[in-house]
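FYI, it's all coordinate maths here, none of it is from the lab. Every value quoted in this text rests on a predicted model; they were computed, and no experiment measured them. Don't worry about glycine lacking a Cβ; one is built from the backbone with ideal geometry, like all the others, and counts go over all protein chains shown.
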Amino acid sequence: MKFSPPGGNAVVSIEDTIDAYLLIMKNSKKEENYIVAEEFIPCIDMFNRIAIILNSKKIKNCFSK
């Protein structure tokens, strides 16, 4: 992958996900919805973190020249 698309994703650690689901199961009411997220990471940052793990070249934002 040479370029990153715009945008990003909300991410959460597995530990925080488990804690959130336990709280939801204990305290939720019918028809309630929850969003479990820890932080928003732009695609460029996420892909470059993966590149570091894979010992690959960093990629560029699709809007950079």
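Structure summary
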| item | result |
| --- | --- |
| Residues of region 13-39 with amide N under 18 Å of the 7 Å Cα→Cβ point at ASP45 | 13-14, 36-39 |
| Helix-derived mean residue ellipticity, 222 nm - over the chain, DSSP H n ≥ 4, -39500 (n - 2.57), to 500 | -12000 deg cm²/dmol |
| Mean Cα-pair separation over length for region 7-61, i.e. relative contact order, pairs under 8 Å, 6 or more apart, % | 44 |
| Note, ³J(HN,Hα) from phi for region 44-50, Karplus 6.51, -1.76, 1.60, rounded to Hz, x at Gly and Pro | 4, 5, 5, 5, 6, 5, 5 |
| Pairwise Lys count, the chain - Cα closer than 30 Å, eight or more residues apart or different chains | 5 |
